[in-house]
């Protein structure tokens, strides 16, 4: 059910927007979920008959304090929806409900099914298993989409990226010479965030400039753009690898 390219913030916003009863969730629940760093979704139980199609999903979030938090989503539709779907019509009667307590979602599911027991269709290992999944998710994010290289005077693009860098440890002449053989490139924004630095707002953005060389190999420049400067002006730094680029951002603030 999870979209590997959907951020946790987007995922949570989508759930709250489509739920009929999202306004019933306590403010404290919504506030805690606002600190979520990652999420994992799984089908918890289901019931399908001629009169009712009902599914319960468990959405577990890893919060900033390291604890897991679970939202239970009940998705259901009646006989009319099932018949429309069989005849090729677009689904139009699916309803979504959200609960922050497993007992509440079981009661709601049982009410829909006229007392049907909401038994899990898969093994239920609880929040700890979800926390293990989320920890792995944070350590190893999904593989990115394949790069779409564009031949567009890429060697000159590489020169311009290196030329605007203001850091002292910018990649040297060896890298510049290698990039003269670039004939296509692809730019990806890897990271972006606003932070407080020395009591004022500062923006950080990390880009990967990936280059395809004439011999078929690939290489990248990592560009950090930020405003964490004494006068708040925009500054550009360029590094030869992602670790160095992220290290440069961390050295300017412990928040990003």
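The values are calculated or read from the model by the stated rules, or taken from the named source; none is laboratory data. What you see is a predicted model, and the numbers here were worked out from it, not measured in a lab. For neighbour counting, all protein chains shown are included, and Cβ atoms are generated from backbone atoms with ideal geometry for every residue, glycine included.
Quick notes on this structure:
- Residue among 46, 28, 50 that alone is outside any loop (DSSP other than H, G, I, E, B) and either surrounded by 13 or more Cβ atoms within 10 Å (Cβ to Cβ) or at pLDDT below 85 (or both): 46
- Residues of segment 168-189 classified as surrounded by 15 or more Cβ atoms within 10 Å (Cβ to Cβ) and within 16 Å of residue 242 (Cβ to Cβ), total: 4
- Of all residues in segment 57-67, those satisfying the criterion of being within 17 Å of the chain's Cα centre (by Cα) and either buried (at least 20 other Cβ atoms within 10 Å of the Cβ) or modelled with pLDDT of 90 or more (or both) are 59, 60, 61, 62.
- Residue within segment 209-228 that is touching a residue at least 60 places away in the same chain (Cβ under 8 Å), outside any strand (DSSP E or B) and over 23 Å from the mean Cα position of the chain (by Cα) present: no
- Number of positions in segment 143-167 that are surrounded by 15 or more Cβ atoms within 10 Å (Cβ to Cβ) and closer than 15 Å to residue 216 by Cα: 4
- Test: residue in segment 136-154 that is at pLDDT below 95, closer than 29 Å to residue 234 by Cα and assigned to a helix (DSSP H, G or I): yes
- Residue in segment 75-89 that is within 26 Å of the chain's Cα centre (by Cα) and either surrounded by fewer than 18 Cβ atoms within 10 Å (Cβ to Cβ) or at pLDDT 85 or above (or both) present: yes
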